[in-house]
1. Looking only at Cα atoms, what is the convex hull volume of segment 60-120 per residue, in Å³?
2. Listed here are the pairs Lys24/Lys151; Lys65/Lys151; Lys151/Lys202; Lys158/Lys213; which of them are more than 27 Å apart at the Cα?
3. What do the square roots of 5 times the Cα gyration tensor eigenvalues come to for the chain, in whole Å, largest first, as semi-axes of the equivalent ellipsoid?
4. So which chymotrypsin sites (Phe, Trp or Tyr not before Pro) in segment 1-100 are both in a DSSP loop and have at most 12 other Cβ atoms within 10 Å of their Cβ?
5. Exposed loop sites here are trypsin sites (Lys or Arg not before Pro) in DSSP loop states with at most 14 other C-beta atoms within 10 Å. What is the longest stretch of the chain lacking them?
6. Dipole of segment 3-224 (Lys/Arg Cβ +1, Asp/Glu Cβ -1, origin at the Cα centre): which of Ala210, Thr133, Phe50 lies farthest to the positive side?
7. In debye, nearest 20, what is the charge dipole magnitude of segment 3-224 about its Cα centre with +1 on Lys and Arg Cβ and -1 on Asp and Glu Cβ, if you could check?
8. Rounded if a/c is under 1.5, else prolate if a/b beats b/c, else oblate: with a ≥ b ≥ c from the C-alpha gyration tensor eigenvalues square-rooted, which is segment 1-71?
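No value in this document is a laboratory result; all are computed from the given coordinates. It should be emphasised that the depicted structure is a prediction, and the values quoted were computed from it without experimental measurement. Reconstructed Cβ throughout: ideal geometry from the backbone, glycine too, with neighbour counts over all protein chains shown.
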Amino acid sequence: MNFNIDPKIFETYPDLKIGAIIIKGIDNTRRNSNVEGLLRGAAAQRGKQFSKYDFNEEPKVKAWKETYGKFGINPNKYPPSIAALLKRVGQGKEIPHINTLVDLYNYFSLKFMLPIGGEDLDWLCGDLNLTYTEEGDAFRPIGSINVEEAKEGEVAYKDNGGITCRYWNHKECERTKFTEKTVNAVILVEDMSKMHMDEFGKMLREMQNAIIKYIGGQIEPYILTEDRTS
């Protein structure tokens, strides 16, 4: 699997950088109380913070909501994943356990206040691409049996089987979601806030160390930018 960013994306979003963490041979079958504790702690911390302060004023969130507006999507109706996560904890709601890999990326998403998601490599069809959609591109949302059709010009992750994540990072698809059976995966950490590359790299290393500690596996990290699109 190769991960590619359409160079046209950078014409409108030159500040974009994505950390792609390829993980092979993980054990995602068991719950991990330590990881669940980290997630509960991060959710409680951000929940307390954003019960009194509007998360929409957070620079990292504002950057993503502005990004959505640029490709014609209302970020209040279809929020970036980090906005949806912060809204949930700000309302005092728990982040439900899905599996350990998802718990880990939700924890780091709350900690760093960045959109984080990923795909099960064994369910991808060919290469993964961040690109613009064509009219009628197929998307089956996670947890749904219905297939949606995209409009032309949306930003989405796609492979040869269709859209794997719609409206950039708003909603992932059913086919490539992480489950307890996931063995090989790619984690995607997205920044649009002009974070310094050294800080971004440090965050990725912290994630990598946690993944190895809690679910094992072999890791290959990459950072994609305007200067390196694949």
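1. Cα-based convex hull of segment 60-120, divided per residue, equals 94 Å³.
2. Result: Lys24/Lys151; Lys151/Lys202; Lys158/Lys213 exceed 27 Å.
3. 24, 22, 18
4. Those that pass, being in a loop and sparsely packed, are Tyr53.
5. Longest site-free region, per DSSP loop and neighbour criteria: 94-150.
6. Phe50
7. Dipole size: approximately 980 debye.
8. Oblate shape, in that a/c is at least 1.5 and b/c is the bigger or equal ratio.
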